[in-house]
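Heads up, the thing below is written out as structure tokens.
The values are calculated or read from the model by the stated rules, or taken from the named source; none is laboratory data. Being a predicted model, the structure only gives us computed values, none of them experimental. Methodologically, a virtual Cβ is constructed for each residue, glycine included, from the backbone with ideal geometry; neighbour enumeration extends over all protein chains shown.
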Amino acid sequence: MTPIIRAEGLVKRYDRTVAVAGVDLAVAPGEIFGLVGPNGAGKTTTLRILATLLQPSAGEAEVAGFSVTRNPDDVRRVLGFMPDAFGVYDDMKVWEYLDFFARCYGIPAARRRQMIRDLLDLVDLGGKRDTYVQALSRGMQQRLCLAHALVHDPQVLLLDEPASGLDPRARVELRELLRELRALGKTILISSHILPELEELCTSVAIVDHGRMLAQGRVAEIERRLRFGAVLRVHVLAEGEELEAARDHFGADPDVASATILEDGTIELGFRGDDAASARLLARSVAAGLRIVTFARAASDLEELFLQVTSAEREGASAA
Amino acid sequence: MTDEAIHVDGATPEPVPTQPIARNRGFRRPHPMLAARRLFGGISAVGVKELRGRMRGRRAFVVLTLYLLLLAGFAWMYELILERQYNTGLGGSAAFASASIGQELFAGLMMLVTLLVVLLAPAFTAGAISLEREKQTLDLLVTTPISSLAIVIGKLLSALTYVFLLIGASVPLTAMVFVFGGVAPDDVIRGYIVLVATAFGLGAFGLFCSTLVKRTQAATVITTFGVMAMTLGSIFILVFWGAMTGVRIGPDVPSGGVGPIKGRPPEVVAYFNPFIAQADIVCGTQTTYSLWCSGVSQLLNGNSGVVVFTDFGGTIDAPASEPAVEEDGVRVRPAVAVQPFGVARDGFWPKSVAAWLVLSVVLITLSVQLVSPTRRWRPGLPRRSPRRSS
């Protein structure tokens, strides 16, 4: 299938720094595509280039077949963008806010009223039509900003860190909303530095660091690649010397890179094996007589995984 | 991982209706009519949004009412001053007294409204773009298809709407001078043309400063200094020029200028001083060698005094550009006949208006370049590396 968002060798250089160093991207229509990476990885820069807010220093990008450099006006018509840090106008009511952007897209007055009502219902702000924008909560403002990006019914949505600063409830609501939008046929490109936030939502992810694309593909595929280097947390019913013996037992396993006793009495294992290997390790440990209360993979914290992935890359580079 | 994601993982995601991609390639220029309609749509979008904020509630109209009350109070008090200061020994007839009071009242009102325009027009626009940057709303705006030109013009017009409202509201008050006489309707029209052109030019200047720097505070400071240079600065330069080129009596002292400072000062220095343009218009109402006429004449002609009235029929000193002649051992300027009535005066303000309009066009063009995210060039300014974020 022809990708609806395509980037080839995208580079953005500033005087001394390189924010994006050759990013290739292909997003198929109808996907929710996650762009993951730590802060400063070049996610925002990439999105801003796609949103025609920045000129790439090199490379080419297309949205729905329009070049972001040669046909920015056409790109803007098929694209809705929600920036990371977005502001709201003072002294403006919710419906006026949407009305303003609808006017910017040249939507005729006859259609604006109905469209604003539909959009406010979609983002669950139907009762806030006449509220001043600055009086809305952060989560509501976020949803309003999402609604603003939808006034022209775009094919593609670019959302930069849409969940940052939201409380858990608002996050869940946002996730539901994005699923709804996907069902409406929108392609959504979303950036985040928190992997769990995306893995429940996205069909595909790309992982960026230092302006480079480290991995790109289906979520499960990436997960498999990242699981190499998981962290296991084991709670053994033991104290003192017995606990140290348990740690040494785990440390002797060839798949375990490190074993440390944490302050709360659990043992943390740096684990190199896959799921099958961890199941075998558990079985062996139980057979060895360890009284294991819990044995679980620690929540995959992206930064932690990154350290492992990137350090592995660096080792590979120095070995070569 | 959700069921949905797993499902999608296994199969290709269901196709979504999108337009064929290959058709969209290449650069297309929209039809001129469509482009014009989009431009006006964009201007009205920005304008409506700005005016909704500015005109909401009673504030704008309370301010307007207060302004008119103050202006009316000023006019009344100024008229009383003029009445008491009028020297009956000079003119004699009451009609003449009334006319000359009317002229001075006209002058006072125009100068006051000009001062308001000079203070307010750039102040209203100096935050137009930088505030959007500070509130992080500019990104939302420029990712819409609305053109940068529409943003700039919409911002400028909506900010100036209030200034134009203040200018327009003063018209009935200024028309009161017709009761006194001495001022013709075309004089008043000229005065208002200068006011509108000044508001436009200074508004464009404030807007340009607002696009040039990131912070509203910096934009306001730059705008204020620019306005001071245009008004106080230009007068100071003209006075300086006049002093340098003025004739000095004595054998050793060269007269007629120093280095490149010779003859009449370049008039362009005064084009962006609306007070001089207004003084020129006030001078146009008067037949005597008044304060306003002599002021304009002294500033623009470098102390040469080539303006004004003919009935005098005599001669006055030649411009300083003329070589001095020796008379009884003293270097003095030669005498020349004064120009006939109506020629030299009242000719400055149209140039000033034209200069404001040219300046507006130039500044709007530059502002559009600076607002546009993809067509950005910043001549002479060091490029700061923007906020680098994830």
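Some notes on this structure:
- On inspection, A:Phe81 qualifies as at pLDDT 85 or above, closer than 19 Å to A:Gly165 by Cα and touching a Leu at 6+ places or on another chain (Cβ under 8 Å).
- Residue check, A:Ser258 surrounded by 21 or more Cβ atoms within 10 Å (Cβ to Cβ) and either in contact (Cβ under 8 Å) with a residue 40 or more places away in the chain or more than 13 Å from the chain's Cα centre (by Cα) (or both): no
- Within region A:59-68, being farther than 10 Å from A:Val156 by Cβ and at the interface with chain B (Cβ under 7 Å from one of its Cβ atoms) holds for A:Gly65, A:Phe66.
- Going through (1) surrounded by 14 or more Cβ atoms within 10 Å (Cβ to Cβ); (2) among the basic types (Lys, Arg); (3) over 30 Å from B:Ser360 (Cα atoms) one by one, B:Arg58 falls short only on (1).
- Positions within region A:248-257 being aliphatic (A, V, I, L, M) and at pLDDT 85 or above, in sequence order: A:Ala252
- Condition met for B:Gly168 (out of contact with any helix residue (DSSP H, G or I) (no Cβ under 6 Å at 6 or more places or on another chain), more than 9 Å from every other protein chain (Cβ to nearest Cβ) and part of a helix (DSSP H, G or I)): yes
- Only one of the listed residues (A:Arg70, A:Arg76, A:Arg48) is among the basic types (Lys, Arg) and surrounded by fewer than 18 Cβ atoms within 10 Å (Cβ to Cβ). That residue is A:Arg70.
- Residue in region A:98-108 that is among the charged types (D, E, K, R), within 12 Å of chain B (Cβ to nearest Cβ) and over 24 Å from the mean Cα position of the chain (by Cα) present: yes
- Scoring A:Asp91 on the criteria (1) surrounded by 19 or more Cβ atoms within 10 Å (Cβ to Cβ); (2) touching a Gly at 6+ places or on another chain (Cβ under 6 Å) leaves a single failure, condition (1).
- Set A:Thr310, A:Thr260: member being modelled with pLDDT under 85 and in a helix (DSSP H, G or I): A:Thr310
- Residue count for region A:143-181, restricted to those that are within 11 Å of chain B (Cβ to nearest Cβ), within 16 Å of the chain's Cα centre (by Cα) and assigned to a loop (DSSP other than H, G, I, E, B): 2
- Selection of region A:174-201 for residues being in contact with a helix residue (DSSP H, G or I) (Cβ under 8 Å, 6 or more places away or on another chain), charged (D, E, K, R) and modelled with pLDDT of 85 or more yields A:Arg179, A:Glu180.
- Odd one out for A:Gly42 among (1) more than 16 Å from A:Gln155 (Cβ to Cβ); (2) more than 10 Å from every other protein chain (Cβ to nearest Cβ); (3) buried (at least 20 other Cβ atoms within 10 Å of the Cβ): (2)
- Just one of the listed residues (B:Gly57, B:Gly73, B:Gly41) is within 11 Å of another protein chain (Cβ to nearest Cβ) and without any contact (Cβ under 8 Å) to a residue 24 or more places away in the chain, namely B:Gly57.
- The set of residues in region B:48-73 that are among the small types (Gly, Ala, Ser) and farther than 18 Å from B:Leu120 by Cα comprises B:Gly57, B:Ala72, B:Gly73.
- Residue pairs whose Cβ atoms lie under 8 Å apart, sitting 6 or more positions apart in sequence or on different chains, and linking a residue in region B:168-184 that is at pLDDT 90 or above to a partner that is assigned to a loop (DSSP other than H, G, I, E, B), are B:Val177/B:Val183.
- Condition met for A:Pro29 (modelled with pLDDT of 90 or more, facing chain B (nearest Cβ under 7 Å) and out of contact with any His (no Cβ under 9 Å at 6 or more places or on another chain)): yes
- Residues in region B:129-140 that are within 7 Å of chain A (Cβ to nearest Cβ) and of a type in the set (A, V, I, L, M, F, W, C): 1 in all.
- Of residues in region A:131-142 being assigned to a loop (DSSP other than H, G, I, E, B) and at pLDDT below 90, the one surrounded by the most Cβ atoms within 10 Å (Cβ to Cβ): A:Leu136
- Just one of the listed residues (B:Gly108, B:Gly127) is closer than 21 Å to B:Ile189 by Cβ, at pLDDT below 95 and surrounded by 18 or more Cβ atoms within 10 Å (Cβ to Cβ), and it is B:Gly108.
- Residue within region A:1-22 that is at pLDDT 85 or above, at positive phi and at the interface with chain B (Cβ under 7 Å from one of its Cβ atoms) present: no
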